[in-house]
Amino acid sequence: MNRRPINGHPIPGGSSGLRAAGFVLAGGNSRRMGRDKALIELASGGPSLLEHAAQTVQQAVGNVTVIGAPERYVSLGWPVVADVVAGIGPLGGLLTLLRLAQAEWNLAVACDMPGITVELLRGLMDNVENQTMDCVVSEDASGQLHPLCAIYHRRCLPVVERMISDKCFTLHKLLDNLRAKHLLVEDNLLLRNVNSPFDLEPPGTVAPLT
């Protein structure tokens, strides 16, 4: 599939007037899950984790591109672009989306977050301050940062490229090298990840949020 630049769009219903592009990262190997977790249904007969994430990003930003294997996900109906550098984890997904994007600000969301909402994602965008930060990152009530529920300025690209050149692939180390603003999310369920079969209830589906 041709790699085309992704243009930003005004956020529907947003208060900031920010133009942004939205991306869902689905390039992981799902080793702990034992199968492609992006395609696991939220509930029997319901949308998959990837579909939920993509639909939520689409509603929040007005556009969405999936970073992952086109042969797996293109049938879902969204643009899908493979990692430009494979096998280096989610930092490779950020590299890909930042090289694609023409929008100044780029929303990055992992595909395995069943609790994300439009309100949460728009909250990230509403906290953007163009001249004083490089990214806005979700932080849960325990103080853990979630760099794959965040929005990044395209000026982050050289930092990502330098880290990959230095073979440093950890997202939290990336945040140490950026001017990052933290957005506190008090409800940890909004930021939970599905990583293994133990996170599924009943087996094969994701427990609904309550």
Cut-off is 10 Å between beta-carbons; in what order do Phe169, Phe23 appear when sorted fewest neighbours first? Phe169, Phe23
Select from the stretch 135-177 those trypsin sites (Lys or Arg not before Pro) which occupy a DSSP coil region and have at most 14 other Cβ atoms within 10 Å, ordered by residue number. Lys167
FRET efficiency for Lys167 and Glu119, using Cβ-Cβ distance with R0 set to 45 Å, rounded to 0.05: 0.75
What relative contact order, as a whole-number percentage, does the stretch 9-194 give when Cα pairs under 8 Å and 6 or more residues apart are counted? 23 percent
May I ask you to list the lysines whose Cα is less than 20 Å away from that of Lys181, ignoring any residue fewer than eight positions away on the same chain? Lys173
Can you tell me which aspartates and glutamates have their Cα less than 15 Å from the Cα of Lys37? Leave out same-chain residues fewer than eight positions away. Glu51, Asp112, Asp199, Glu201
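Values quoted throughout were computed directly from the atomic coordinates according to the rules given, and no laboratory measurement underlies them. Just so it is clear, the structure is predicted and the values come from calculations on it, not from any experiment. When we count neighbours, we look across all protein chains shown, and the Cβ atoms used for this are built from the backbone with ideal geometry, even at glycine.
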